[in-house]
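Accompanying notes for the structure given below.
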Amino acid sequence: MILTITTKPYSDQKPGTSGLRKKVPVFQQENYAENFIQSIFDSLEGFAGKTLVIGGDGRYFNREVIQKAIRMAAANGFGKVLVGQAGILSTPTASHVIRKYQAFGGIVLSASHNPGGPTEDFGIKYNIGNGGPAPERITDAIFERSKSIETYKIVEAADIDLDRIGTADVAGMTVEVIDSVADYVELMESLFDFDAIRSLIKSGFRVVIDSMSAVTGPYATEILEKRLGAPAGSVRNAIPLPDFGHHHPDPNLVHAKELYDDVMSPSGPDFGAASDGDGDRNMVVGKGMFVTPSDSLAIIAANAKLAPGYADGIAGIARSMPTSAAADRVAEKLGLGIYETPTGWKYFGNLLDAGKVTVCGEESFGTGSNHVREKDGLWAVLFWLNIIAARRESARDIVVKHWAEFGRNYYSRHDYEGIDTERANTLMSELRAKLDTLPGSRIGDLTVEAADDFAYHDPVDQSVSKNQGIRVLFEGGSRVVFRLSGTGTSGATLRVYVERYEPDPSRHDIETQSALADLIAAAESIAKIRSHTVMDTPTVIT
Ligand code: VG1
Ligand code: CO
């Protein structure tokens with residue numbers, strides 16, 4: 001029953017920051033998805049008879065690829081596949097399910113915050129047995145394999161009914177369709193004080209969650225409306241749609257602006273949150289206060305003991321390099337380890353497995369902990385609600401007091417999307433070429449203290465990852481970071497990260513872009529962004 005199908009390799013199956021992401025028509029090319037899935041299996045060892053988890057964010061093409069992946073898993077010798085009902089597993093749930101059922105690994109089908117639909121984005125990612133994204137060693141091997149692959153294995157079998165919970169047999173392999181919500185909700189209940197949050201909501205505190213027509217709808221509805229007692233309708237855009245209702249399922253001030261405006265209006269809710277396509281990102285907004293993801297990480301770390309799951313304290317904090325140093329201040333004061341990693345959750349796995357850190361975060365609206373090995377949007381929202389319930393203070397007061405105690409890291413990211421790839425590469429190579437000449441130079445009132453191309457030395461497995469972003473550090477602790485996105489599917493995206501530390505509480509209420517104006521000007525002067533990108537302003541500012 002096992003068919004060995006002859007195929008031709010594609011040259012462009014290099015996984016980026018988080019798996020392989022391409023437009024749907026690219027994935028629809030003959031054997032394109034099959035090649036990549038077989039390249040994953042060919043790069044792994046020892047999975048015969050073991051369990052594979054499969055699930056995705058429900059976007060267009062999800063079900064088709066799941067059926068293929070199931071048939072290929074059977075042909076390649078897996079013993080069992082666990083698949084989310086309707087083919088859906090949020091990324092944090094996929095991570096949890098892999099861990100809970102001690103699966104060998106998992107295939108997560110998602111292009112995360114990128115739009116979905118017949119001409120939009122699709123993605124495939126492999127997660128290892130710890131529940132986290134495959135490390136570079138494996139993604140490199142997958143890419144190498146994809147360039148020379150000649151055949152793939154698949155069984156002939158009928159489609160699985162993905163909508164019905166239960167088990168089926170596919171050529172001797174068991175396929176179990178699981179309730180994707182139950183396991184996750186149980187995990188959240190074990191970490192947070194649901195009673196305290198329930199009584200906060202009962203007392204009139206109004207919470208809304210915008211699921212952006214993406215994967216978290218069913219999870220958020222079960223938790224917020226059913227378990228925590230928020231009124232029906234508190235979860236907006238709760239039904240996952242294959243095209244996310246034509247929106248970008250990206251929880252930030254641009255794509256979740258409606259929610260932001262609502263929370264900011266006098267009659268609006270007290271607290272709002274949004275999550276992305278695959279449920280691993282979060283945006284948190286309190287009345288009168290948008291919480292930056294970098295601040296959110298620092299504040300969660302500083303208040304971690306208020307949540308039952310973290311009552312004994314945390315071991316340490318990790319943040320991606322471009323994320324602000326707000327968390328570093330907390331680590332310093334609490335005497336915790338702090339680690340700076342390259343962009344992408346795959347770099348946190350070793351630190352979490354080794355018990356060096358408990359919480360991790362990225363500036364790109366990602367926060368998470370050792371409860372899984374991915375970032376986790378609803379986890380972050382529940383952590384905030386737990387902190388608010390325990391402190392009986394608004395999100396705004398909590399943030400303002402945090403700045404008063406630790407100082408404020410003014411922070412912003414400017415994205416230039418859809419740049420011609422060659423132009424973007426030239427910008428970066430010119431920057432790299434002048435790194436040595438920058439230290440000591442003055443730009444306006446700023447003096448460059450150091451400049452480098454960030455390289456990460458993993459303290460657990462000693463692996464080294466180079467070229468992870470260009471840092472220009474100024475005297476006084478301000479900095480500008482430049483890197484190219486590794487998740488886009490057309491052209492290039494330049495990300496410019498700008499940060500200034502301000503210890504003085506009387507200077508904590510300056511508008512962010514004004515507080516960073518001289519650094520933004522310095523970024524332009526150093527990198528000549530306008531002429532290289534042929535853009536006058538960034539596409540997205542967060
Ligand atoms: C972006 C973010 C990065 C995040 C990655 C995956 O990567 O900057 O912090 O880990 O997306 O997030 P890049 O290479 O485009 O900057 V998700 O929620 O898209 O899986
Ligand atoms: Co995501």
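Odds and ends about this structure:
- 222 nm mean residue ellipticity, helices alone, for the chain (DSSP H n ≥ 4; -39,500 (n - 2.57); rounded to 500): -8500 deg cm²/dmol
- Computed on the chain, with alpha-carbon pairs under 8 angstrom and 6+ residues apart, the relative contact order is 13 percent.
- Residues Asp504, Asp276, Asp353 arranged by fewest to most Cβ contacts within 10 Å: Asp504, Asp353, Asp276
- Radius, Kirkwood style, for the stretch 330-389 when every pair of distinct Cα atoms is counted (Å): 12.3 Å
- Counted by neighbouring Cβ atoms within 10 Å, the residues Thr537, Thr51, Thr167, Thr91 run from fewest to most as Thr537, Thr167, Thr51, Thr91.
- Set of lysines with alpha-carbon distance to Lys356 below 16 Å, sequence-local pairs under 8 removed: Lys346
- Stokes-Einstein diffusion coefficient of the stretch 112-224, Kirkwood radius over Cα pairs, 20 °C, 1.002 mPa s, in µm²/s: 113 µm²/s
- Radius 9 Å from Cβ of Lys287, net charge of other residues (Lys, Arg +1; Asp, Glu -1): 0
- All aspartates and glutamates inside 19 Å of Lys153 as judged from Cα atoms, apart from same-chain residues fewer than 8 positions distant: Glu30, Glu34, Asp42, Glu45, Glu64, Glu144, Asp169
- Rg/Rh for the stretch 76-172, where both radii come from Cα atoms and Rh is the Kirkwood radius: 0.97
- Size-normalised alpha-carbon gyration radius of the stretch 267-313, reference 2.2 N^0.38 Å: 1.33
- log₁₀ of I(q)/I(0) at q = 0.15, 0.26 Å⁻¹ - the stretch 62-131, Debye sum with one point per alpha carbon: -0.49, -1.33
- For the stretch 479-542, convex hull volume per residue from C-alpha positions, Å³: 103 Å³
- Residue order, fewest to most beta carbons within 10 Å, for Lys22, Lys80: Lys80, Lys22
- Subtracting the Cα-Cα distance of Ala517 and Asp312 from 0.36 nm times their residue separation leaves 69.7 nm of extension gain.
- Under the convention that each Lys and Arg Cβ holds +1 and each Asp and Glu Cβ holds -1, the size of the dipole of the chain around its Cα centre is about 320 debye.
- Here the calculated FRET efficiency for Thr421 and Ala158, from their Cβ-Cβ distance with R0 = 56 Å, stands at 0.85, rounded to the nearest 0.05.
- Residue-count net charge about Val498 - beta-carbon cut-off 9 Å; Lys, Arg +1, Asp, Glu -1: +2
- Under 11 Å from the Asp243 label point (7 Å along Cα→beta-carbon), backbone N, the stretch 103-123: 116-120
- For the stretch 282-417, the extents of the C-alpha atoms along the principal axes are 42, 36, 27 Å, listed from largest to smallest.
- Volume of the Cα convex hull of the chain, divided per residue and given in Å³: 139 Å³
- Straight-distance crosslink candidates among lysines, where the alpha carbon sits under 24 Å from Lys202 and sequence neighbours closer than 8 are dropped: Lys226, Lys287, Lys305
- Computed from point charges on the beta carbon alone (+1 for Lys and Arg, -1 for Asp and Glu), the dipole magnitude for the stretch 404-529 about its Cα centre is near 260 Debye.
- Per residue Cα convex hull volume in Å³ - calculated over the stretch 159-262: 135 Å³
Any read-out appearing in this document is the output of simple, stated calculations on the displayed coordinates, not a laboratory observation. Computed from a predicted structure; not experimentally measured. Positions of Cβ are generated from backbone atoms using ideal geometry, with glycine treated the same way; all protein chains shown enter the neighbour counts.
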